[in-house]
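The values are calculated or read from the model by the stated rules, or taken from the named source; none is laboratory data. Every value quoted in this text rests on a predicted model; they were computed, and no experiment measured them. Cβ: placed from backbone, ideal geometry, glycine included. Neighbour counts: every protein chain shown. The protein model used for the area step is the full one, side chains on, heavy atoms only, and it has no ligands, DNA or RNA in it. Shrake-Rupley method; radii C 1.70, N 1.55, O 1.52, S 1.80 Å.
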Amino acid sequence: MLTILIAVLAVLVSLGSLVLAYASNRRSHMPVLQFMWESGQGGSSEPKWWLVNVGTGPATNIVVAQTVRTGLTRGLNGEEWFNPVLVPSIPAGGKLALSWLGGTMGFECGMGASYTDVERYFYTTKCGDDVSMFFIGLHLPRWPLLKLDGNKAVKTWWGVEDLSGPQWSSVTEAHFRRRRWLPSRFGLCRRLGGWADPVLSYRPQ
């Protein structure tokens, strides 16, 4: 009996070690993006919004979008997101100017960014009223990054000069079919291209 107990404890310790090693490995290359306002005082540059990677790994497949107002919570929860823009990857410690947002600090919109790490796991940052929240998983809409039926739902950053003109690709949670077996803490999706990825159920207005 004692031998069996020791063997069971050894298995449990081994499993615990594997879980800790996996979590440590994930954190070692986890991107965390934050929205930052730079006033440009002192004449060094024009005022603008920046997206800064304060995490430990590169952020890839970054989509920046806007909403009228965000509750800074997991999931979409009635939020309507629009004007998605695909931007280049940002390395750990790097930053990218969001020039199309203009030089106004309070432009009366919430902001959000969805992105993945090197293993294609999703992360989300939401910003509203000068408060930012970071979430594991996809808590913004899942727009197709490539062409769908000959059209692109997400514009590329070098093709967007400003926000003049009509909104594009405005969507809510009703435009997606979420996998009910996916834990709600992961939002719409856990991994880009994974089993729960709702990209094929995307339906534009």
First in the range 134-145 and among the aromatic types (Phe, Trp, Tyr), second anywhere and part of a loop (DSSP other than H, G, I, E, B) and modelled with pLDDT under 95, Cβ under 7 Å, 6 or more apart: Phe135/Arg74; Trp143/Ala153; Trp143/Val154; Trp143/Ser169; Trp143/Tyr202
Leading residue by the ranking (most open to solvent (accessible area, probe 1.4 Å)) among those in the range 71-119 that are among the β-branched types (Val, Ile, Thr) and under 14 Å from the mean Cα position of the chain (by Cα): Val118
Flag for Arg191 being of a type in the set (D, E, K, R), farther than 30 Å from Lys48 by Cα, touching a strand residue (DSSP E or B) at 6+ places or on another chain (Cβ under 9 Å) and in contact (Cβ under 8 Å) with a residue 24 or more places away in the chain: yes
In the range 171-205, the residues that are farther than 16 Å from Tyr121 by Cα and touching an Asp or Glu at 6+ places or on another chain (Cβ under 6 Å): Thr172
Yes/no for Arg203 being free of Cβ contacts under 8 Å to residues at least 12 places away in the same chain, open to solvent by 60 Å² or more (accessible area, probe 1.4 Å), of a type in the set (D, E, K, R) and not in a helix (DSSP H, G or I): no
Residue match in the range 90-111 (condition: in a strand (DSSP E or B), small (Gly, Ala, Ser) and in contact (Cβ under 8 Å) with a residue 60 or more places away in the chain): no
Complete set of residues in the range 162-173 that are more than 19 Å from the chain's Cα centre (by Cα) and not acidic (Asp, Glu): Leu163, Ser164, Gly165, Pro166, Gln167
Answer residue from the range 42-70, given it is crowded, with 19+ Cβ neighbours inside 10 Å and of a type in the set (A, V, I, L, M) and is farthest from Leu146 (Cα to Cα) among those: Leu51
